[in-house]
Structure formats: C-alpha cells, structure tokens
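Enquirer: Dropping the structure in here first, questions after.
The values are calculated or read from the model by the stated rules, or taken from the named source; none is laboratory data. Note that this is a predicted model, so its numbers are computed, not measured. Cβ: placed from backbone, ideal geometry, glycine included. Neighbour counts: every protein chain shown.
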Amino acid sequence: MWALVTGASAGIGESFTRLLASKGYNIALVARDEARMHERAAALREKYGVQTYVLKADLATADGCSAVEDYLQEFDIDVLINNAGFGINKAFTASDLGKEQELLDVLVRTPLRLMHVAIPKMKARNVGTVINVSSVAGYIAGGTYSASKSYLTVLSESLNTELLGTNVKVSALCPGFTRTEFHQRGRMKMSSLPNFMWLDSDVLVAKSWADAQKGLAISIPGWQYKLLIAIISITPRRFVRRIGMNLRKKQR
C-alpha cells in the first residue's frame, strides 16, 4: 500500500507521513526541500519499516505539478494527501500578482489535477482515500487564500457525494490555526492569538483520518473551530466579511 503526501517535509504533511507509516503505508513524499525530505524518509523507514520515495517538485510550477501527475499515472496509490500550501501576508490590491497566481496554482490547480489522475484509478480498483487539507479560512472572506480553500472544501464535498456507494473516500480537513512553520514562512504576526486557539498537527491529522474513514466529507478539528463555524453559519455575511478582513490586518 502506498500513500502520496504533498508538502510532506513539515507541519501537517509531515504529521500525515508518520500517521500513515504507522498504519503500514509506504510513503511517497513530495515537496521542494529534497534534503529535508530524505531526512524524513530515513526516519520513516527506521521507525516504521516502510518503503519511501522522494519526489522533489515545486507545485507552483507546471513542471512540478506534471511530475507528480506522471508519478500518479505510472503507480497506483491508495492514499492521496493534498497538503502543500502557503499564504500571502498582503492585501489583494497590494500583493504581487505572480505570488497570487502561485497560490492558486498550489492550492487549486495542483489538487484538482492530482485528484483527476488518482481518483479514477482508485475508483477502478474500488479502494482509496483522498484528504484535501483545506481550512476554516474557507468559511470567511480573507483574500485569495480563503477563496482557494473554499474551492477545495466544496470540491471535496462534491466528490464525496459523487463517490457514495464506492470504497473511495474524499474528505476536506478544515483546521484552524495550527502550530507549524506556515505562519513563520508567511511572515504573519500571530503573537496576539490566544493560546487556546492553537491546534496540534498530530492530533488534528489523527482526527482527519478517522473522519475520512467514516465517510465524512468535512473534518473540523477542535471545539473552538466547530463553534466558530457554527457562529459564522448564522451570522450575516457582511459581518463575516468584516471579520475576515480584520483578521488579515492583524496578521500583517
């Protein structure tokens, strides 16, 4: 059994590699940092006795996305974790257009294309799990990142429904703020965020996997974020939009 994880060198993706290896899956790691991936792969082999494959790919580029597509065409995988991503710490009107396009390519184009290759093969074998790492940000209005995550959540819901009656499961993981390198890389100021709002990546990944195996279309780890989304669902959108923009300002 093989699982492919994008953004596998750190954070939520790295947590998924360990969880899946502990369940006996061989792991194909995809990220840009090849040296770090080889370190992670060696640790997985040593601790869990699984096989690993390292695929260096920049998913913001067409060539990087195509390299992973080619791998999925050639080899059958049982699990696909679309986790790679990053954020932009600028308002849309002040941001770099190239970075906005890269964000769309990583968060929208790549999961779309990888699923379009992998899911038909899973369906033909009638086995497989796809988890798309989305975000609670998809429920608010916070620039291209929120819009991209909303797309990923809705597409996951659609595929979950389309594949009912099969043994192929598709689920969106929608975490809130998680202790990873994500915010540091995006140069986002998070010091004002209360400690209780932070999630642990290992805990939320275990919850996501369990929810996916139950056939749930969406996994929202943490009582605080379940409550937040419940509030958002009954709040007039004009206030939701304001909350989203205020949150982005605090991060800058």
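Enquirer: Can you find, within the stretch 213-232, the residue that is surrounded by the most Cβ atoms within 10 Å (Cβ to Cβ) among those that are among the polar types (S, T, N, Q) and either touching a helix residue (DSSP H, G or I) at 6+ places or on another chain (Cβ under 8 Å) or modelled with pLDDT under 75 (or both)?
Expert: Residues of the stretch 213-232 that are among the polar types (S, T, N, Q), as a first pass: 213, 219, 224.
Filter again for either touching a helix residue (DSSP H, G or I) at 6+ places or on another chain (Cβ under 8 Å) or modelled with pLDDT under 75 (or both), leaving 219, 224.
Numbers: SER219: 23, GLN224: 17.
The extreme case among them is SER219.
Enquirer: Okay, moving on. Quick check on the stretch 90-111: of everything there that is surrounded by fewer than 18 Cβ atoms within 10 Å (Cβ to Cβ) and of a type in the set (S, T, N, Q), which residue is modelled with the highest pLDDT?
Expert: GLN101
Enquirer: Which residues, counting only those in the stretch 152-176, are at negative phi and over 14 Å from the mean Cα position of the chain (by Cα)? Break it down into steps so the answer makes sense when it comes.
Expert: Our first condition is that a residue be at negative phi; within the stretch 152-176, this holds for 152-164, 166-176.
Once the filter is applied, which keeps residues that are at negative phi and over 14 Å from the mean Cα position of the chain (by Cα), the stretch 152-176 yields GLU157, SER158, LEU159, ASN160, THR161, GLU162, LEU163, LEU164, THR166, ASN167, VAL168, LYS169.
Enquirer: Next question. Has the stretch 71-80 got at least one residue that is at pLDDT 95 or above and either hydroxyl-bearing (Ser, Thr, Tyr) or farther than 24 Å from ASN126 by Cβ (or both)?
Expert: Going through the stretch 71-80, the residues at pLDDT 95 or above turn out to be 71-80.
Next cut, either hydroxyl-bearing (Ser, Thr, Tyr) or farther than 24 Å from ASN126 by Cβ (or both) only: 71.
Yes, because at least one residue in the stretch 71-80 is at pLDDT 95 or above and either hydroxyl-bearing (Ser, Thr, Tyr) or farther than 24 Å from ASN126 by Cβ (or both).
Enquirer: I want to confirm something. Restricting to the stretch 116-147 and keeping residues that are among the aliphatic types (A, V, I, L, M) and in a helix (DSSP H, G or I), which single residue is modelled with the lowest pLDDT? Steps first, answer last, please.
Expert: Within the stretch 116-147, the subset among the aliphatic types (A, V, I, L, M) is 117-119, 122, 124, 127, 130-131, 133, 136-137, 140-141, 147.
Adding the requirement that they be in a helix (DSSP H, G or I) leaves 117-119, 122, 124, 136-137, 147.
Values: VAL117: 98, ALA118: 98, ILE119: 98, MET122: 98, ALA124: 97, VAL136: 88, ALA137: 84, ALA147: 93.
Top of the filtered list is ALA137.
Enquirer: On the given criteria, is VAL168 modelled with pLDDT of 95 or more, surrounded by 15 or more Cβ atoms within 10 Å (Cβ to Cβ) and either among the aromatic types (Phe, Trp, Tyr) or farther than 24 Å from ALA230 by Cβ (or both)?
Expert: Answer is yes for this residue.
Enquirer: Given the conditions (1) more than 19 Å from TRP2 (Cβ to Cβ); (2) in contact with a helix residue (DSSP H, G or I) (Cβ under 6 Å, 6 or more places away or on another chain), report the number of the one that LYS56 does not fulfil.
Expert: (1)
Enquirer: Looking at LEU114, LEU80, LEU44, which one is free of Cβ contacts under 8 Å to residues at least 40 places away in the same chain, crowded, with 18+ Cβ neighbours inside 10 Å and within 21 Å of TYR25 (Cα to Cα)?
Expert: Values: LEU114 fails: free of Cβ contacts under 8 Å to residues at least 40 places away in the same chain; LEU80 fails: free of Cβ contacts under 8 Å to residues at least 40 places away in the same chain.
From the options LEU114, LEU80, LEU44, the qualifying one is LEU44.
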